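Heads up: the structure comes next, in structure tokens.
Read-outs: derived from the displayed coordinates by stated rules, not from any lab. Model, not experiment: these values are computed from the prediction.
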Amino acid sequence: MRGGPEHGGRGEHGGRGRGERGPRGGGWQQADLPSAEDAPEWLAGRLPDDWFTGTPRVTVDREEIVVVGELPVPEDDAGGASTAAAQGRIGRFREDTRDARVRIAQEAEQRYGRKVAWGAGIGDTQVMFSHLAVPVMTRLRHDERRVLDTLVDAGVARSRSDALAWCVKLVGEHADDWLAELREAMAEVDKLRRRGPAD
């Protein structure tokens, strides 16, 4: 859904005006993208101490930095926040911190060349305020297209795009350890490439 301050322009992501492009990476080699390796530490130092109950969870990819923090349980619901109470508290946090989050997002984009998305949670209730849905072009062979079409025909997904997103999510859920090891290995390669050969 387009429009509104949280989905582009200069909303909660920060962001450039129309017609401007940020740094882009090609493949997994991101020589033209600023490193965001220290983004969690920078955000931990930059965010107000009273926003979250602990250190926020920060994840980074080529386009986006996602910041999700845990909020305190509402005082009148200390026995365990109901979903409605949690959603109300998260909504209040969203409105109260909007201007500050826009400023921080703009600073982060200048530093890291990526948009910033925000979210908050209380217990099992998690809400993302805004984040990018990035189109990904791909070519699939007949057998691969049949997998997506089966998911669509069975009502699991509404379209091939939804089916592909569902497949990616499923792989992510069942291959967390392997993907984490792969990312760590890639990070080490990036460090070695930046450092260059020893003199």
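Across 5 Å bins from 0, what is the distribution of all Cα-Cα pair distances for segment 123-199, in whole percents?
Distribution as computed: 3, 11, 12, 14, 17, 15, 11, 7, 4, 2, 1, 0 percent.
Quote to one decimal, in nm, the extra length available between V168 and E144 on full extension: 0.36 nm per residue of separation minus the C-alpha distance between them. Intermediate results must be reported in sequence, preceding the final value.
Details: separation 24, 0.36 × 24 = 8.64 nm, distance 1.34 nm.
Taking V168 through E144 to full extension adds about 7.3 nm, to one decimal.
Relative contact order of segment 117-199: what whole-number percent is it, with Cα pairs under 8 angstrom and at least 6 residues apart?
It rounds to 12 percent for segment 117-199.
Return the Rg/Rh value of segment 44-199, two decimal places, where both radii are evaluated on C-alpha atoms and Rh is the Kirkwood radius.
Over the Cα atoms of segment 44-199, Rg/Rh equals 1.05.
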